[in-house]
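Asks: Here you go, one structure.
The values are calculated or read from the model by the stated rules, or taken from the named source; none is laboratory data. These numbers come from a predicted model, not from an experiment. FYI the Cβ positions are ideal-geometry reconstructions off the backbone, even for glycines, and counts take in every protein chain you see.
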Amino acid sequence: MKTKNVCMLILTAFIWGTAFVAQSVGMDYLGPFTFNGIRSLIGGVALLPCIYFLGKWKRTAENGAKEENAAGTGGRDLLTGGIACGILLFGASSLQQVGIQYTTAGKAGFITACYIVIVPVLGIFLKKKIGWKVWVAVVLAVVGLYFLCITESLRIGKGDLLVFLCALVFSLHILVIDYFAPRADGVKMSCIQFFVCGILSLPVMFLTETPAIEGIIAGWFPLFYAGVLSCGVAYTLQIVGQKDMNPAVAALILSLESCFSVLAGWALLGEQMSTRETIGCVLMFAAIILAQLPEKEKIRNKK
């Protein structure tokens, strides 16, 4: 395992985790659909130079004929995958951005991280084998969500429910990426999905909100951070960092985003968590780790 790859993934998790703070602060200036629409378009634009320089690097490192052949066979998958991912990203990010208005950045980060447990469960419908560790992780996550989200009146907060629905949509998003990623260029597909997400956000933005130039200017920093860093830089770092790395280990490192979101909410926003909520976070993080641990049989087969 290369130290450089690990550092890239840790930085990715840090950017994603702290982005919850940027999203929370952004709500002081902009509506959720305005924030997401502009953020996504910024992310798409930010990836354009990445596509240019990565393409230039690939052309010098690989045979031009092979690259053209790959591009010709993957064009349809690239477009289909980008559009599908963009639609799901629009749904997930909208639910997350609306939900974060009614909950804390730390809780939103942890609840969103449930996708790491939900994904293998949804894999059952794709006829993928699910080990006992995943089922234990699901139980831990449910208990953790109970402590984290259920109030004394046994009600789930509106924001908690919306963010959990966001985690479900993100799970579908991950499965779609898992299907199309081997068939198309990941960075290009990401760029398409950001533009699709941004375009879908625009009509909803004008129908439900009243975007103002003053608000966009006032919230420029949260928009810049969430757009350029969270969307553009972090996604690129993830792709480069995961190269030649065990995906289970990579996912475990990326799951640190939930920890960074809580720490960032505490350090930057002064958010406080009760003992009950802290226990819920610990249980959910334990579930996230357990779900990503490789089975012993797989480890033996690799030796």
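Asks: Which members of segment 164-199 meet the condition of being in a helix (DSSP H, G or I) and in contact with an Asp or Glu (Cβ under 8 Å, 6 or more places away or on another chain)? Walk me through it before giving the result.
Replies: To start, the set of residues in segment 164-199 that are in a helix (DSSP H, G or I) comprises 164-183, 186-199.
Selection gives PHE180, ARG183.
Asks: Kindly check whether there is at least one residue in segment 94-110 that is within 27 Å of ALA181 (Cβ to Cβ), surrounded by 24 or more Cβ atoms within 10 Å (Cβ to Cβ) and at pLDDT below 75.
Replies: Taking every residue of segment 94-110 in turn, at least one turns out to be within 27 Å of ALA181 (Cβ to Cβ), surrounded by 24 or more Cβ atoms within 10 Å (Cβ to Cβ) and at pLDDT below 75.
Asks: For segment 207-228, enumerate the residues that are part of a loop (DSSP other than H, G, I, E, B), small (Gly, Ala, Ser) and more than 24 Å from PHE14 (Cα to Cα). Outline the logic, then answer.
Replies: Pass one, segment 207-228, residues part of a loop (DSSP other than H, G, I, E, B): 209-212, 219.
Within this subset, residues satisfying the condition of being small (Gly, Ala, Ser) are 212, 219.
The answer is ALA212, and nothing else.
Asks: Scanning segment 234-251 for residues that are surrounded by 19 or more Cβ atoms within 10 Å (Cβ to Cβ) and of a type outside the set (Gly, Ala, Ser), which turns out modelled with the lowest pLDDT?
Replies: Ranking the candidates gives GLN242 first.
Asks: When only residues in segment 76-86 that are surrounded by fewer than 17 Cβ atoms within 10 Å (Cβ to Cβ) and among the hydrophobic types (A, V, I, L, M, F, W, C) count, which is nearest to ARG183 (Cα to Cα)?
Replies: LEU79
Asks: Same structure, new question: Out of curiosity, is ILE216 of a type in the set (Val, Ile, Thr), in contact with a Ser or Thr (Cβ under 8 Å, 6 or more places away or on another chain) and at pLDDT 70 or above?
Replies: yes
Asks: Considering only segment 259-292, how many residues are free of Cβ contacts under 8 Å to residues at least 24 places away in the same chain and outside any helix (DSSP H, G or I)?
Replies: The first filter runs over segment 259-292 and keeps only residues free of Cβ contacts under 8 Å to residues at least 24 places away in the same chain, leaving 267, 270, 272, 274-275, 278.
Okay, now just the ones that are also outside any helix (DSSP H, G or I), so 270, 272, 274.
Going through segment 259-292 one residue at a time, the tally reaches 3.
Residue-wise test of (1) more than 17 Å from TYR225 (Cβ to Cβ); (2) in a helix (DSSP H, G or I); (3) not basic (Lys, Arg).
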position	(1), (2), (3)
ASN5	yes, yes, yes
ILE15	no, yes, yes
ALA19	no, yes, yes
GLN23	no, yes, yes
TYR29	no, no, yes
ASN36	no, yes, yes
ILE42	no, yes, yes
ILE51	yes, yes, yes
LYS56	yes, yes, no
